[in-house]
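This report refers to the structure that appears directly beneath it.
Readers should treat all values here as calculations from the given coordinates under stated rules, not as data from a laboratory. A quick note: this is a predicted structure, and the numbers were derived from the prediction, not measured. All Cβ positions, even for glycine, are placed from backbone atoms using ideal geometry, and neighbour counts span all protein chains on display.
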Amino acid sequence: MVAAKAGYTVILNDVKEEYVKKGLASIQKFIDKSVEKGKMTAEDKTHILGRIHGSMNLQDMKDADLIIEAIIEQVHVKKEVFQKLDDICKKEALFASNTSTIPITDLASSTKRPEQFIGMHFMNPVPLMKLVEVIRGLRTSQQTATTITQLAEKMEKTPIEVNDGPGFISNRVLFAMINEAIFCLQDGTATKEAIDSVMKLG
Ligand SMILES: NC(=O)c1ccc[n+]([C@@H]2O[C@H](COP(=O)([O-])OP(=O)(O)OC[C@H]3O[C@@H](n4cnc5c(N)ncnc54)[C@H](O)[C@@H]3O)[C@@H](O)[C@H]2O)c1
């Protein structure tokens, strides 16, 4: 949705029609709420939804300038999809992965375009969260990093470049904190409700 809002034509691809419909419905629901709240107009809604096209065929990506992959967090599935896209997409197309944990260098190595491959880690819920972690693999070019940073800014996000490493920054720090909360519960330092309240309020 954020790409369509920024004026780009978007192809939303998934493996089954019901998943594509579910994705489009959740976008529509978010926009409807934004219109109700006066944050978007009915005209915005028409323009945004008009730019998003559902697809179940990877061949539809043949003219895409950029792929943003956000499929299940399984390295072999992601690599298989990127390998297919490598053959389908034009040679200038950039590939980005929204992976939370898989090394970008590893994913990039499954393609013939590691210089044009990058991590573009959006935060959930994407329309509301400003951060995009931009992660370069070992062979990602400066041009790719610059283009993706500028694109994230056009999507009204704040791109922050970090190095490739387990969990990058956001999840590496988050998971240490979540584990510590569980140790607090285990130690009997507080109830789970108290731990949640302390973290939310403090
Ligand atoms: N959920 C989050 O909060 C969050 C936040 C940031 C990043 N991510 C990352 O985004 C990615 C997706 O996470 P999720 O929580 O939405 O996962 P999910 O499992 O809920 O959804 C994945 C979607 O990918 C589709 N899919 C699976 N195989 C496919 C294929 N071969 N081709 C096309 N589509 C396929 C599935 O049908 C499903 O709709 C992961 O890499 C995850 O690490 C998730």
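Scanning for something part of a helix (DSSP H, G or I) and either closer than 19 Å to ASN98 by Cα or out of contact with any Gly (no Cβ under 9 Å at 6 or more places or on another chain) (or both), does region 65-74 turn up at least one residue?
Our first condition is that a residue be part of a helix (DSSP H, G or I); within region 65-74, this holds for none.
Scanning region 65-74, I find no residue that is part of a helix (DSSP H, G or I) and either closer than 19 Å to ASN98 by Cα or out of contact with any Gly (no Cβ under 9 Å at 6 or more places or on another chain) (or both), so the answer is no.
Would you pick out the residues in region 61-107 that are touching a residue at least 60 places away in the same chain (Cβ under 8 Å) and either under 21 Å from GLN150 (Cβ atoms) or of a type outside the set (S, T, N, Q) (or both)?
Filtering region 61-107 for residues touching a residue at least 60 places away in the same chain (Cβ under 8 Å) gives 66, 68, 100-101, 103-104.
The answer is LEU66, ILE68, PRO103, ILE104.
Which residue pairs have Cβ atoms under 7 Å apart, sit 6 or more places apart or on different chains, and have a first residue in region 159-174 that is assigned to a strand (DSSP E or B) and a second that is among the small types (Gly, Ala, Ser)?
From residues that are assigned to a strand (DSSP E or B), the pairs are PRO159/ALA152; GLU161/ALA145.
Does SER55 satisfy the condition of being in contact with a strand residue (DSSP E or B) (Cβ under 6 Å, 6 or more places away or on another chain) and either hydroxyl-bearing (Ser, Thr, Tyr) or surrounded by 15 or more Cβ atoms within 10 Å (Cβ to Cβ) (or both)? Quick ask: steps written out before the conclusion?
On the way: in contact with a strand residue (DSSP E or B) (Cβ under 6 Å, 6 or more places away or on another chain): yes; either hydroxyl-bearing (Ser, Thr, Tyr) or surrounded by 15 or more Cβ atoms within 10 Å (Cβ to Cβ) (or both): yes.
Yes, satisfied.
Identify the residue in region 98-113 that is surrounded by 18 or more Cβ atoms within 10 Å (Cβ to Cβ) and assigned to a helix (DSSP H, G or I) and, among all such residues, is farthest from the ligand (Cβ to nearest atom).
ALA108
Restricting attention to region 56-69, which residues are under 17 Å from GLN116 (Cα atoms) and within 8 Å of the ligand (Cβ to nearest atom)? Full working, then the answer.
The initial filter retains those residues of region 56-69 that are under 17 Å from GLN116 (Cα atoms), namely 61-69.
Within region 56-69, GLU69 is the sole residue that qualifies.
Which one of the conditions (1) among the charged types (D, E, K, R); (2) surrounded by fewer than 17 Cβ atoms within 10 Å (Cβ to Cβ); (3) under 17 Å from the mean Cα position of the chain (by Cα) does LYS78 fail to meet, given that it meets all the rest?
(2)
For (1) among the charged types (D, E, K, R); (2) closer than 17 Å to SER109 by Cα; (3) out of contact with any Asp or Glu (no Cβ under 8 Å at 6 or more places or on another chain), each residue gets a yes or a no:
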| position | (1), (2), (3) |
| --- | --- |
| THR46 | no, no, yes |
| GLY50 | no, no, yes |
| ASN57 | no, no, yes |
| LYS62 | yes, no, yes |
| LEU66 | no, no, yes |
| ILE72 | no, no, yes |
| HIS76 | no, yes, yes |
| LYS84 | yes, yes, yes |
| ASP87 | yes, yes, yes |
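Got at least one residue in region 29-37 being under 19 Å from the mean Cα position of the chain (by Cα), over 23 Å from ASP86 (Cβ atoms) and surrounded by 12 or more Cβ atoms within 10 Å (Cβ to Cβ)?
Looking through region 29-37, at least one residue is under 19 Å from the mean Cα position of the chain (by Cα), over 23 Å from ASP86 (Cβ atoms) and surrounded by 12 or more Cβ atoms within 10 Å (Cβ to Cβ).
Check ILE88, ILE52, ILE27 and return the single one that is within 16 Å of the ligand (Cβ to nearest atom), of a type in the set (A, V, I, L, M) and touching a Ser or Thr at 6+ places or on another chain (Cβ under 9 Å). Reasoning before the result, please.
Values: ILE88 fails: touching a Ser or Thr at 6+ places or on another chain (Cβ under 9 Å); ILE27 fails: touching a Ser or Thr at 6+ places or on another chain (Cβ under 9 Å).
Only one candidate passes the filter, namely ILE52.
Residues are listed down the side, and each one gets a yes or a no for (1) in a strand (DSSP E or B); (2) out of contact with any helix residue (DSSP H, G or I) (no Cβ under 6 Å at 6 or more places or on another chain); (3) under 16 Å from ASN98 (Cα atoms):
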position: LEU138; (1), (2), (3): no, no, no
position: GLN143; (1), (2), (3): no, yes, no
position: ILE148; (1), (2), (3): no, yes, yes
position: LEU151; (1), (2), (3): no, yes, yes
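I need the full set of residues from region 115-150 which are of a type outside the set (S, T, N, Q) and either away from the ligand (no atom under 16 Å from the Cβ) or touching a Cys at 6+ places or on another chain (Cβ under 6 Å) (or both), in order please.
First, pick out the residues of region 115-150 that are of a type outside the set (S, T, N, Q): 115, 117-123, 125-139, 145, 148.
Listed by number, the residues that qualify are GLU115, ARG136, LEU138, ARG139, ALA145.
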